[in-house]
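In what follows, a single structure is set out as structure tokens and then discussed.
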Amino acid sequence: MSRSLTRITRRVALAAAALFAAAPLAFAQTPIVIKFSHVVASDTPKGQAADMFKKLVEERSKGTVKIEVYPNSQLYKDKEEMEALQLGSVQMLAPSLAKFAPLGVKEFEVFDLPFIMPNEDSFAKVSRSPVGAKLFDKLETKGVKGLAYWDNGPHIMSANKPLHVPADFRGLKMRIQSSKVLDAQMRALGALPQVMAFSELYQGLQTGVVDGTEGVPSNFWTQKIFEVQKHITISNHGHLAYAVIVNKKFWDGLPADTRKMLEGAMKDATDFENKVAKQDNEKALELIRKSGKTTIYTLTPEERGQWIKTLLPLHTEMQSRLGGDLIQEFYKYSGFSVTGH
Ligand code: LMR
């Protein structure tokens, strides 16, 4: 072979090698995409925090990680989103803690026990406690990793009739999330609980498939629930909160420095969410009040006493489902005590 031919051959070989070497590099440079699906509107505490997380991650990663946020059940409804996460069709969700039993971790329903969070800081304390960490550990065997707890404040109740005392619930079809504790709560009040996806709630109420619901003002406002419910009661009997969860296999497969950056952004988005939840719900309640479309009633201490008397036995009844020790440990951080009521 002539010398010039050898040179050409060598050049071709080098060019080919460079091309192959560039291939994995190009792959590494394609943005990592995280699909974050949720069921509420963007202008709710959860919706805003998801958008904040996206902003922080995309800034800090200089575009190498992309967060695609899909609000309003656009991609998946309640139950489907859990399945989609496990299958890896989406990578991140922030479902209500009342929706974890279908995933196989029913213990999250401890958060649904009536009146279990008596103080303004109860949720914050529990979510930062070993109880919060233990519940997240349980998720791992399901292929899911818990990243953060997000608050959304106390529940209100609504129907087309005033709800002052437990007797007012008799025979009402009440929409619930898929939690057996919430099911038992509605039954104890004399109502007929019906599990329904959040995305179907407005229509369910409008058409009379259900008569009433529990929820939080920010969701009542953004889903226009107040337009199809004549009466709202500020009962503060329960609490709505979320866990931000990721597909564990996806998470574990990320480069360590990317995971670290995501954890930092999640911490900041969490601080933001927990800060806006209270003010956002207060603002929503005020907007609902101003709309004049529904009455807003606050329980008297005597009426609240009746609710407590009716609902506290659930704490004992639910021991077999949730575990007595877990409930006792939860009390320690939430500040609940049976004698305090
Ligand atoms: C509900 O289904 O009522 C809530 O969990 C919706 C939400 O995510 O706030």
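Looking at segment 185-299, the helices (runs of 4 or more DSSP H) lying wholly inside it that each contain 2 or more residues that are within 14 Å of the ligand (Cβ to nearest atom) and either among the polar types (S, T, N, Q) or touching a residue at least 40 places away in the same chain (Cβ under 8 Å) (or both) sit at 217-222, 256-291. For segment 269-277, state whether one or more residues are closer than 23 Å to VAL39 by Cα and in contact with a Leu (Cβ under 8 Å, 6 or more places away or on another chain). Yes, because at least one residue in segment 269-277 is closer than 23 Å to VAL39 by Cα and in contact with a Leu (Cβ under 8 Å, 6 or more places away or on another chain). So is GLU140 surrounded by fewer than 23 Cβ atoms within 10 Å (Cβ to Cβ), out of contact with any Phe, Trp or Tyr (no Cβ under 9 Å at 6 or more places or on another chain) and closer than 19 Å to SER199 by Cα or not? Considered against the rule, which asks whether it is surrounded by fewer than 23 Cβ atoms within 10 Å (Cβ to Cβ), out of contact with any Phe, Trp or Tyr (no Cβ under 9 Å at 6 or more places or on another chain) and closer than 19 Å to SER199 by Cα, GLU140 comes out as no. Inside segment 144-173, residues that are over 18 Å from SER96 (Cα atoms) and either of a type outside the set (Lys, Arg) or touching a helix residue (DSSP H, G or I) at 6+ places or on another chain (Cβ under 8 Å) (or both) make up a count of 14.
Are any residues in segment 163-183 surrounded by 22 or more Cβ atoms within 10 Å (Cβ to Cβ), over 22 Å from MET82 (Cα atoms) and aliphatic (A, V, I, L, M), and if so, which ones? Within segment 163-183, LEU163, MET174 meet the criteria.
Does SER199 satisfy the criteria of being surrounded by fewer than 19 Cβ atoms within 10 Å (Cβ to Cβ), among the hydroxyl-bearing types (Ser, Thr, Tyr), under 16 Å from the mean Cα position of the chain (by Cα) and within 23 Å of LYS230 (Cβ to Cβ)?
Details: surrounded by fewer than 19 Cβ atoms within 10 Å (Cβ to Cβ): yes; among the hydroxyl-bearing types (Ser, Thr, Tyr): yes; under 16 Å from the mean Cα position of the chain (by Cα): yes; within 23 Å of LYS230 (Cβ to Cβ): yes.
Yes: the conditions hold for SER199.
None of ALA50, ALA98, ALA84 is out of contact with any helix residue (DSSP H, G or I) (no Cβ under 8 Å at 6 or more places or on another chain), surrounded by 17 or more Cβ atoms within 10 Å (Cβ to Cβ), aliphatic (A, V, I, L, M) and in a helix (DSSP H, G or I) except ALA84.
Are any of the residues in segment 116-123 among the charged types (D, E, K, R), part of a helix (DSSP H, G or I) and more than 14 Å from the ligand (Cβ to nearest atom)?
no
Starting from residues that are within 16 Å of the ligand (Cβ to nearest atom) and in a helix (DSSP H, G or I), keep the ones in segment 53-81 and report whichever is nearest to ALA197 (Cα to Cα). Checking each candidate, the answer is ASP78.
Among residues of segment 31-46 that are at negative phi and assigned to a helix (DSSP H, G or I), those with a beta-carbon under 8 Å from a residue that is small (Gly, Ala, Ser) and within 9 Å of the ligand (Cβ to nearest atom) at least six positions away or on a different chain give the pairs PRO45/SER218; LYS46/ALA94. Whether any residue in segment 229-250 is among the polar types (S, T, N, Q) and under 30 Å from LYS35 (Cβ atoms) is what I want to check. Yes, segment 229-250 has at least one match.
Taken over segment 318-340, the criterion of being exposed (fewer than 13 other Cβ atoms within 10 Å of the Cβ) and either outside any helix (DSSP H, G or I) or modelled with pLDDT of 95 or more (or both) is satisfied by SER320, GLY324, ASP325, GLN328, SER337.
The residues of segment 98-146 that are free of Cβ contacts under 8 Å to residues at least 60 places away in the same chain and of a type in the set (Gly, Ala, Ser), listed by number, are GLY104, GLY132, ALA133.
If I ask for residues that are of a type in the set (A, V, I, L, M) and surrounded by fewer than 18 Cβ atoms within 10 Å (Cβ to Cβ), which ones from segment 102-123 would you list? Once the filter is applied, which keeps residues that are of a type in the set (A, V, I, L, M) and surrounded by fewer than 18 Cβ atoms within 10 Å (Cβ to Cβ), segment 102-123 yields nothing.
Residues in segment 174-184 that are in a helix (DSSP H, G or I) and touching a residue at least 60 places away in the same chain (Cβ under 8 Å): 4 in all.
Before we move on, is THR44 at pLDDT 95 or above, within 11 Å of the ligand (Cβ to nearest atom) and hydroxyl-bearing (Ser, Thr, Tyr)? Judged against the criteria, THR44 is a match. Taking the conditions (1) closer than 23 Å to LYS249 by Cβ; (2) touching a residue at least 24 places away in the same chain (Cβ under 8 Å); (3) surrounded by fewer than 21 Cβ atoms within 10 Å (Cβ to Cβ) in turn, TYR149 satisfies each one other than (3). Quick check on my filter: what residues within segment 267-298 are over 26 Å from TYR242 (Cα atoms) and in contact with a helix residue (DSSP H, G or I) (Cβ under 8 Å, 6 or more places away or on another chain)? Answer for segment 267-298, where residues must be over 26 Å from TYR242 (Cα atoms) and in contact with a helix residue (DSSP H, G or I) (Cβ under 8 Å, 6 or more places away or on another chain): SER291, LYS293, THR294.
The values are calculated or read from the model by the stated rules, or taken from the named source; none is laboratory data. Values in this document were obtained by computation on a predicted structure and should not be read as measured data. With ideal geometry, Cβ positions are generated from the backbone for all residues, glycine too; neighbour counts draw on all protein chains shown.
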